[in-house]
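Take a look at the structure set out below.
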Amino acid sequence: MSTNIMKTRRPEPAEIDYKNMRFLIMDRPTDATMDKFIEDWQFDDGNPPPSKIVDEWFNLLKTRFKEEPGCCVAVHCVAGLGRAPVLVALALIECGLKYEDAVELIRQKRRGAINAKQLSFLEHYRPKSRLKTKGNGHKQCVVM
């Protein structure tokens with residue numbers, strides 16, 4: 001009985017704040033909330049993102065944070081523990097955090113986030129100064 005309860009329990013969304021960026025890491029959308037999601041980039045569960053998705057992720061973030069400084073970008077995956085946290089970690093690394101600090105910040109709010117393969121990807125990732133934004137106002141979340 002308790003196993004079934006654990007399988008159906010959905011983890012709470014976790015907000016990650018760093019500098020002027022805000023992210024909401026969450027599990028998959030439901031049929032009722034699907035229409036609120038504006039993008040859907042899929043890649044294999046448990047793996048790091050392909051470079052095309054990384055490029056599209058940073059393009060989206062640059063646009064969103066330029067148009068609405070301080071806005072919150074929500075990102076999801078099935079459980080909200082792998083793919084979504086990795087994308088947020090990449091953004092944090094681009095903004096100056098060491099990969100260990102980015103992972104620790106995420107894991108403080110999303111226990112169990114980021115597996116060994118994804119951690120290795122983040123360890124070897126080299127930032128390219130893709131996210132340079134200004135402003136620090138807080139606005140509505142943008143659900144992705």
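Could you line up D45, D40, D27 from fewest to most neighbouring Cβ atoms inside 10 Å? Display every interim value, and only then the final one.
Values: D45 12, D40 9, D27 16.
Fewest to most other Cβ atoms nearby, the residues stand as D40, D45, D27.
Run down the aspartates and glutamates and flag those whose C-alpha is under 15 Å from the C-alpha of K117, throwing out any fewer than 8 positions away in its chain.
Of all the aspartates and glutamates, those that pass the test against K117 - Cα under 15 Å, at least 8 places apart if same chain - are D44, D45, E100.
For H76, H124, what's the fewest-to-most ordering of other Cβ within 10 Å of each Cβ? It would help to have the intermediate numbers written out before the result.
Working: H76 21, H124 9.
Taking fewest neighbouring Cβ atoms as first place, the list is H124, H76.
Give me, ordered by chain and number, the residues 5 or more places off G82 or on other chains with an amide H under 5 Å from its own placed amide H.
Hits under the 5 Å cutoff: I114.
Is there a pair in K62/K109; K98/K128; K52/K128 whose C-alpha atoms are over 20 Å apart, and which pairs would that be?
Values: K62/K109 24 Å; K98/K128 13 Å; K52/K128 15 Å.
Listed pairs above 20 Å: K62/K109.
A short reminder: the numbers here are calculations on the coordinates, not readings from a lab. This is a predicted model, so every value here is computed, not measured. Cβ coordinates were reconstructed from backbone atoms using ideal geometry, including for glycine residues, and neighbour counts include every protein chain displayed.
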